[in-house]
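Asker: Got a structure for you, questions after.
The values are calculated or read from the model by the stated rules, or taken from the named source; none is laboratory data. On a predicted model such as this, the values are computed, not experimentally measured, just so you know. Don't worry about glycine lacking a Cβ; one is built from the backbone with ideal geometry, like all the others, and counts go over all protein chains shown. Note: areas computed on protein heavy atoms with side chains; ligands, DNA, RNA excluded. Shrake-Rupley method; radii C 1.70, N 1.55, O 1.52, S 1.80 Å.
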Amino acid sequence: MENYQKPMLKEDSLEGKVILVTGGGTGLGKSMAMYFSELGAKVVITSRREEVLKATSEEISSKTGNEVFYKAGDVREIDSVRNVIKASIEKFGTINVLVNNAAGNFISPTEQLSHRAFQSVIGIVLQGSINFTLEMGRFWIENKIPGNVLNIVTTYAWTGSGYTVPSATAKAGVLAMTRSLAVEWGRKYGIRHNAIAPGPFPTKGAWERLFPEEIHHLIDPTNRIPLKRVGDHQELANLAAYMVSDFAAYLNGEVITLDGGEWLQGAGQFSDLHAISDEMWEMLAQARRHKRKN
Ligand code: HXC
Ligand code: NAP
C-alpha cells in the first residue's frame, strides 16, 4: 500500500464535530464520510435515495463505532433542505461543518440539451449548494458558531469544458460563492469556505455517466495525467479531513486542486511534447548543431 492510500490525520482529529455531507451515500461523499467518522466526527449523510443512505450509514458506523445519521432529501428543494438540517440538529444538537458534495452530470453536445437537462444539473450543483450554504450559514450566524463549508468542485470550474457545460457552469458558480463568502462571512462571523477540485477519481456515478465503456478508449483520463494514474479515494478524504478540521483554521477562500497535474497538462501549449521519443530529441539536436556549423 502506498502512503497516499493510508489515513493521514491523528485518530481524534475531528472529535466533537458534527459534519453533514450531501451526496454522502456513494462515491467520494461516502469515502469522506467514512474517514470523518473514523476521525471521531458525528456524521450526517443525505441524498435522494433512502435505501442507499441506510446501507452506507450502517456500513460506516459498524466500521468506525461512531454514530452516523441519515436523512433523505433533495438538495434542490428548500423545504427538503430545511427538513434535513432540522432533523440533524435534533439528532446531534448542532452541525459544525457542511460538505457540499452532491452533484449531477452527464456528457452531451450542448445544443442537444433541453432546458430541463440544464435545470437539473444547475439545480443539483449550484442551487443545491446555495440552499445548504444559506440555511447552514443562518444557523451558524444566529448561534454564533464559526462553522465551515467545503465545496467539492472540479478543475473545469475555471477552465470550462465542452460537453459538460451545465456542470461547468454550475461548478464555476460554486467556486465564485466559495471565494465570495470566504471574505463576507469570514470577516463578519469567522465562517470559513474552501473547495477541493478533484481530477478523475473512479466512482460508479461519474464513470457510468462520463466515461462510458463504448468510448473509454477515446477519453481514458490516465492518458492526460502527468502522474499517469487516477486518484485514490483515501487521498481525497485525507485532504478533505484536514480542510474541515481545526488544523486548517487559517485556510479560507482556497481551492485545492488534486488531479496529478491534469488540468495544467491541458493548459501548457507544449505539454504534448512528451510524445516525442529520445531518438527524435537527439535528431532535433543534431539538426540544430548542423545548422549552427553551416
Ligand atoms: C442529455 C439528459 C441526460 C443525458 C438526463 N437528461 N440525462 N440529457 N443527456 N445523459 C435530461 C432528461 O432528458 C430530462 O430532460 C432532464 O435531463 C432531467 O432528467 P431526469 O432524469 O428527470 O433528472 P433527475 O432525476 O433530476 O436526475 C439528474 C441527473 C442524473 C443529473 C440527470 O444523471 C443523476 O441523478 N445524477 C446524480 C449522480 C451523478 O450525476 N453523479 C456524477 C457526478 S460526477 P427532459 O427535457 O427530457 O425532461 C462529476 C464529475 C466531474 O460531477 C468531473 C469528472 C472528471
Ligand atoms: P456520485 O457517487 O454519483 O455522487 C453524487 C451524489 O449526489 C450521489 O450520492 C447522489 O445520490 C447525490 N445527489 C444527486 N442528486 C441529488 C439531489 N438532487 N439531492 C441530493 N443528493 C443528490 O459521484 P462522485 O464521483 O462521488 O461525485 C462526488 C463529487 O465529486 C461531485 O461534486 C462531483 O462533481 C465531484 N467530482 C468527482 C470527480 C470524479 O472523478 N469522481 C471529479 C471531479 C469532481 P442520490 O442519487 O441518492 O440522490
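Asker: Of (1) open to solvent by less than 90 Å² (accessible area, probe 1.4 Å); (2) part of a helix (DSSP H, G or I); (3) away from ligand 2 (no atom under 16 Å from the Cβ), Arg288 satisfies all except one. Which?
Answerer: Of (1) open to solvent by less than 90 Å² (accessible area, probe 1.4 Å); (2) part of a helix (DSSP H, G or I); (3) away from ligand 2 (no atom under 16 Å from the Cβ), only one is false for Arg288: (1).
Asker: Across segment 251-270, what is the number of residues that are open to solvent by less than 80 Å² (accessible area, probe 1.4 Å) and without any contact (Cβ under 8 Å) to a residue 40 or more places away in the chain?
Answerer: Qualifying residue count for the region: 2.
Asker: Provide a single number: the residues in segment 69-84 that are within 16 Å of ligand 1 (Cβ to nearest atom) and assigned to a loop (DSSP other than H, G, I, E, B).
Answerer: The total comes to 6.
Asker: Look through segment 158-175, keep the residues that are within 15 Å of the chain's Cα centre (by Cα) and among the aliphatic types (A, V, I, L, M), and return whichever of them is farthest from Asn252 (Cα to Cα).
Answerer: Among them, the one singled out is Ala168.
Asker: Among the residues of segment 19-50, count how many are among the acidic types (Asp, Glu) and more than 9 Å from ligand 2 (Cβ to nearest atom). Steps first, please.
Answerer: Residues of segment 19-50 that are among the acidic types (Asp, Glu), as a first pass: 38, 50.
Still in the list and also more than 9 Å from ligand 2 (Cβ to nearest atom): 38.
Qualifying residue count for the region: 1.
Asker: So which of Glu90, Glu111 ends up being within 18 Å of Gly16 (Cα to Cα) and free of Cβ contacts under 8 Å to residues at least 12 places away in the same chain?
Answerer: Details: Glu111 fails: within 18 Å of Gly16 (Cα to Cα).
None of the others qualify; the one that does is Glu90.
Asker: Taking Tyr35 and the conditions (1) crowded, with 18+ Cβ neighbours inside 10 Å; (2) closer than 18 Å to Thr203 by Cα; (3) within 16 Å of ligand 1 (Cβ to nearest atom), which numbered condition does it fall short on, given that it satisfies the others?
Answerer: Condition not satisfied by Tyr35: (3).
Asker: Continuing with this model, one more query. Exactly one condition in (1) more than 16 Å from ligand 2 (Cβ to nearest atom); (2) open to solvent by 60 Å² or more (accessible area, probe 1.4 Å) is not met by Ile276; state its number.
Answerer: The one condition Ile276 does not meet is (2).
Asker: Given Ala240, Ala195, Ala248, Ala287, which one is more than 14 Å from ligand 1 (Cβ to nearest atom), among the small types (Gly, Ala, Ser) and touching a residue at least 60 places away in the same chain (Cβ under 8 Å)?
Answerer: Working: Ala195 fails: more than 14 Å from ligand 1 (Cβ to nearest atom); Ala248 fails: touching a residue at least 60 places away in the same chain (Cβ under 8 Å); Ala287 fails: touching a residue at least 60 places away in the same chain (Cβ under 8 Å).
One residue alone meets the criteria, Ala240.
Asker: Could you grab me the full set of residues in segment 199-237 that are away from ligand 1 (no atom under 13 Å from the Cβ) and part of a loop (DSSP other than H, G, I, E, B)?
Answerer: Pro226, Leu227, Lys228, Arg229, Asp232
Asker: Oh, and also: Mind counting the residues in segment 1-31 that are buried (at least 19 other Cβ atoms within 10 Å of the Cβ) and more than 18 Å from the chain's Cα centre (by Cα)?
Answerer: Summing the residues that are buried (at least 19 other Cβ atoms within 10 Å of the Cβ) and more than 18 Å from the chain's Cα centre (by Cα) in segment 1-31 gives 4.
Asker: Would it be correct to say that Ile95 is β-branched (Val, Ile, Thr), within 16 Å of ligand 1 (Cβ to nearest atom) and in contact (Cβ under 8 Å) with a residue 60 or more places away in the chain?
Answerer: Values: β-branched (Val, Ile, Thr): yes; within 16 Å of ligand 1 (Cβ to nearest atom): no; in contact (Cβ under 8 Å) with a residue 60 or more places away in the chain: yes.
No; evaluated as a whole, the condition is false for this residue.
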